[in-house]
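Comments concern the structure below.
A short reminder: the numbers here are calculations on the coordinates, not readings from a lab. Since this is a predicted model, take the numbers as computed values, not measurements.
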Amino acid sequence: MPRIDHVAVETDDPDAAAAFYERVFGARVVKTEGHPVMAYVGNTGFAFHERGGPGGHTGIRVTEEERAAVKARLDAEGIPSEERDHDIATGLFFEDPDGRRLEAITYKSSDDPRRVGG
């Protein structure tokens, strides 16, 4: 069943942004080369990207089958989408009718491997 996986934002200082969430919410901060700085609060993550990254968006975790169904629905409605390989996951990016950027994301191991261990 789809659920909110992460909220992504761009910032001048991803480390400082994540540290704020760590201090205020007790978030578990994870840094992995080639990926945004993550701050996990419960089972939801905040992804802090450098400016010029993928842009702000909300990631909805889905299975491969659900992502394919989302893609088919977007195509049927004429809504443009773009698929990206994140190494640990595949994301399908698109915008809702009000221009909010969304990502239907499927993890290769069924969960974000950085999320484990908190």
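Quick one: which residues, 5 or more positions from A27 or on another chain, have an amide H under 5 Å from its amide H? H modelled 1.01 Å from N in the peptide plane, none for Pro or chain starts.
The answer is E22.
Using all C-alpha to C-alpha distances in the stretch 9-68, build P(r) with 5 Å bins and read off the rounded percent in each one.
Result returned by the calculation: 4, 19, 24, 24, 16, 8, 4, 1.
Rounded to the nearest 5, what % of the DSSP beta bridges within the chain are antiparallel ones?
70 percent
How long are the three semi-axes of the equivalent ellipsoid for the chain, computed from the Cα gyration tensor as the root of 5 times each eigenvalue, in whole Å, largest first?
Semi-axes (√(5λ), whole Å): 25, 16, 12.
Which value at 222 nm does the chain reach when only helices count, each DSSP H run of 4 or more adding -39,500 (n - 2.57), with the total divided by all residues and rounded to the nearest 500 deg cm²/dmol?
It comes out at -6500 deg cm²/dmol, rounded to the nearest 500.
Express the relative contact order of the chain as a whole percentage, based on alpha carbon pairs under 8 Å and six or more residues apart in sequence.
25 percent
Gap in Å between the Cα centre of the stretch 94-110 and the Cα centre of the stretch 32-61?
After rounding, the separation between the Cα centres reads 12 Å.
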